[in-house]
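Structure, as structure tokens:
The values are calculated or read from the model by the stated rules, or taken from the named source; none is laboratory data. Note that the coordinates shown come from a computational prediction; the quantities given were computed from them, not determined experimentally. Note that each Cβ is placed from the backbone with ideal geometry, even for glycine, and that neighbours are counted across all protein chains shown. The area values use the complete protein model at the heavy-atom level, side chains included, leaving out ligands, DNA and RNA. Shrake-Rupley method; radii C 1.70, N 1.55, O 1.52, S 1.80 Å.
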Amino acid sequence: MNIDFYSKTALMKLEQCSKSFFLYKKHPYLKDKFSVDKQLTFKRGHTIGELAHQLFPNGINVAMQTKNSLQAVELTKQLIESKTEIIYEATFVYNKVLVMIDLLVLSAAGYQAFEIKSSLKITDVYLKDACLQYFVLKNCLSNFEDFFIVTINQDYVLEDKFDVKSYFKRRSIKTQGEKNLEYFNQLARNADLLIEQNAIPNIDIGTHCFKPYQCDFFGSCWKNINLDTSVLGLPFISKEVLFNFHNTGKRDIIQLEENDFEKKNFLKITQAIKNNKENVDLVEIAKFTNLITGNFCCLDIEVMSSALPTIKGTKPFEQIPFLCSVYNGTQFNIVFESYEGNADDRLIFAKNLINQTKLFTYVLVFDKTLEVSVIKKLAELFSELKTELLQLIEKFVDVFELILNFNYYNPKFKGNLNLKAISSALNLDVTYSEIQSGLHAMQVFEELRSTKDLAAQEILKTTLVNYCNCDVKAVYELFGFFKRLIKTN
Ligand code: SF4
């Protein structure tokens with residue numbers, strides 16, 4: 001990328017923070033590493049973007065035929081001059097602002113532009129970056145007619161054949177684009193000024209570091225903040241409240257006082273951190289552990305939630321359960337469905353799930369939100385299993401509630417309350433697998449479904465099962481930890 005251009009990404013950073021823009025342009029090496037989840041989200045965007053080409057097939061792809069931005073701009077010019085009907089990744093520059101248009105289509109009234117988003121809704125950020133593209137096109141294309149944001153249609157249901165036209169839906173942003181032309185002119189001027197000044201803007205950290213997304217230079221700007229002792233590392237409390245403390249001089253947790261909190265429960269966390277000692281509500285924990293009077297198991301469910309549905313009768317992003325691990329302290333029982341041939345095997349999954357859990361009086365989970373929503377959907381789909389499935393939900397006991405309700409907090413959590421972090425802080429007897437997150441598990445599952453190699457399938461399945469087993473073992477160990485707390489106190 002030529003340093004003189006301002007890409008859409010660069011200007012959207014300027015919207016968030018001028019320092020972020022400057023670092024992106026002049027010190028990109030300071031950027032944080034992409035997380036696995038972020039990489040997977042980008043990959044999804046790319047796949048859906050390519051799929052959208054089918055809306056207007058047989059176009060000329062500028063990005064594939066050029067090596068750099070200048071060449072792309074030049075080729076786009078030639079294609080426009082020769083009235084090319086469909087162009088992918090058409091590239092334009094105006095006032096140094098460089099944009100690439102996913103789809104550009106010549107209609108009787110002029111060129112229409114389409115920006116593809118691999119999501120169900122148009123967010124404020126999407127609207128803003130589409131308006132930026134609109135601004136450039138309006139100034140570069142004499143016969144520019146309209147601009148559409150194309151999203152995935154949340155009502156789309158996969159039938160026998162994939163139907164690209166009903167899968168996507170579009171909305172014109174012409175009105176908003178027209179209203180914001182001067183705004184983006186000014187934004188481009190601001191970008192010029194910052195580059196001319198050639199100095200890192202003196203911007204302190206703030207809530208803007210997280211809005212609309214966590215900034216890519218977080219690691220660099222926040223490197224002197226010790227989240228173990230800073231108020232900014234406190235969990236459960238909004239960033240606005242935390243920055244209010246930080247900006248009024250209460251930067252360390254030890255400076256916080258009782259009157260600083262409306263919700264007195266937050267004090268339990270600050271006390272734990274101040275005293276470097278766990279905060280334990282023995283009465284509530286005992287109530288919780290004494291609830292489990294019969295036999296119990298621990299359960300965890302993994303789902304796929306693909307932008308592009310592959311199973312007949314399902315919608316984009318619908319949560320399809322593919323793996324469940326049930327652990328009773330000695331044995332793991334697995335429910336696994338690979339949905340071979342794209343058949344809807346959720347009935348088999350639901351029956352197996354009931355079979356694996358029916359003997360238990362209690363089913364322990366950690367944050368039941370996903371499990372409850374998946375099982376309710378199965379109950380809705382299969383009325384013959386509804387009673388048993390809803391009974392399964394009734395058996396749920398959510399161990400996360402002890403933490404959510406401030407009955408236990410350990411300073412070693414360092415504000416990170418996911419199961420993996422808690423297991424590691426409490427030294428629970430669990431060794432986590434290579435899979436990093438639920439999103440990562442989904443990607444491994446998609447790999448498994450797309451390979452024909454049986455040996456590879458087996459390896460991927462083992463990886464997934466190990467991941468799910470780790471979570472379910474962690475729930476078991478966490479519950480054991482709370483029981484020991486009661487016994488030893
Ligand atoms: S981390 Fe915050 S202060 Fe630093 S560049 Fe990003 S948004 Fe700006």
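Judged by the ratio a/c of the largest to the smallest principal axis of the C-alpha gyration tensor, region 415-489 counts as prolate, that ratio being 1.5 or greater while a/b is larger than b/c.
In the chain, once you exclude exposed GluC sites (Glu not before Pro) (DSSP loop, at most 11 other Cβ within 10 angstrom), what's the longest stretch remaining?
Answer from the scan: 263-433.
Using the Cβ-Cβ distance between THR229 and SER424 with R0 = 25 Å, the FRET efficiency computed as 1/(1 + (r/R0)^6) comes to roughly 0.80.
Could you give the length gained by full extension between ALA199 and VAL164, i.e. 0.36 nm per residue of separation minus their alpha carbon distance, to one decimal place?
7.8 nm
Annotation: aspartates and glutamates with alpha-carbon distance below 19 angstrom to LYS169 (same-chain offsets under eight excluded): GLU50, ASP102, GLU115, ASP124, ASP129, GLU145, ASP146, ASP155, GLU159, GLU318.
Here the gap between ASN290 and PHE210, fully extended at 0.36 nm per residue and compared with their Cα-Cα distance, gives a gain of 24.7 nm.
Pairs to check: LYS31/LYS277; LYS121/LYS174; LYS386/LYS452; LYS264/LYS287; LYS33/LYS174; LYS43/LYS473. Give those whose C-alpha atoms are more than 27 Å from each other in this structure.
Numbers: LYS31/LYS277 35 Å; LYS121/LYS174 17 Å; LYS386/LYS452 35 Å; LYS264/LYS287 21 Å; LYS33/LYS174 36 Å; LYS43/LYS473 31 Å.
Violating the 27 Å Cα-Cα cut-off are LYS31/LYS277; LYS386/LYS452; LYS33/LYS174; LYS43/LYS473.
In region 393-479, which trypsin sites (Lys or Arg not before Pro) are in a loop and have at most 10 other Cβ atoms within 10 Å, using DSSP for the loop call?
Answer by residue number: LYS452.
Using a 1.4 angstrom probe on heavy atoms only, work out the carbon and sulfur share of the accessible area of the chain in %. Ligands and nucleic acids excluded, carbon and sulfur give 50 percent. Within a straight-line Cα-Cα reach of under 16 Å, LYS461 can be paired with the following aspartates and glutamates, leaving aside sequence neighbours fewer than 8 residues apart in one chain: ASP300, GLU302, GLU337, GLU340, GLU434, GLU446, GLU447, ASP453, ASP471. When both region 322-363 and region 397-434 are represented by their alpha-carbon centers, they are found 25 Å apart. Applying 1/(1 + (r/R0)^6) with R0 = 51 Å to the Cβ-Cβ distance of ASN489 and GLU182 gives a FRET efficiency near 0.20.
Here the Karplus relation 6.51 cos²θ - 1.76 cosθ + 1.60, evaluated at θ = phi - 60°, turns the backbone of region 271-288 into coupling constants of 4, 4, 6, 4, 8, 6, 9, 4, 9, 10, 9, 4, 4, 5, 5, 5, 4, 5 Hz, with x for every Gly and Pro.
Note that the chain presents 50 Å² accessible area per residue, ligands and nucleic acids not counted, probe 1.4 Å. Using the beta-carbon distance between VAL372 and PHE34 and R0 = 51 Å, what value does 1/(1 + (r/R0)^6) give for FRET efficiency, to the nearest 0.05? Once rounded, the FRET efficiency stands at 0.95.
Given the rule -39500 (n - 2.57) for each run of at least 4 DSSP H residues, summed and divided by the residues of the chain, what is its mean residue ellipticity at 222 nm, to the nearest 500 deg cm²/dmol?
-14000 deg cm²/dmol
Charge dipole (Cα centre; +1 on Lys/Arg Cβ, -1 on Asp/Glu Cβ; no other charges) of the chain amounts to roughly 720 debye. Under 5 Å between amide hydrogens, built in the peptide plane, is the criterion, and for VAL97 it picks out TYR6 among residues at least 5 positions away or on other chains. Rounded, prolate or oblate, given the Cα gyration tensor of region 198-286, with a/c below 1.5 counting as rounded? Because a/c hits 1.5 or more and a/b exceeds b/c, region 198-286 counts as prolate. Overall, the anisotropy analysis places region 283-488 in the prolate class: the square-rooted eigenvalues a ≥ b ≥ c of its C-alpha gyration tensor yield a/c not less than 1.5, with a/b exceeding b/c.
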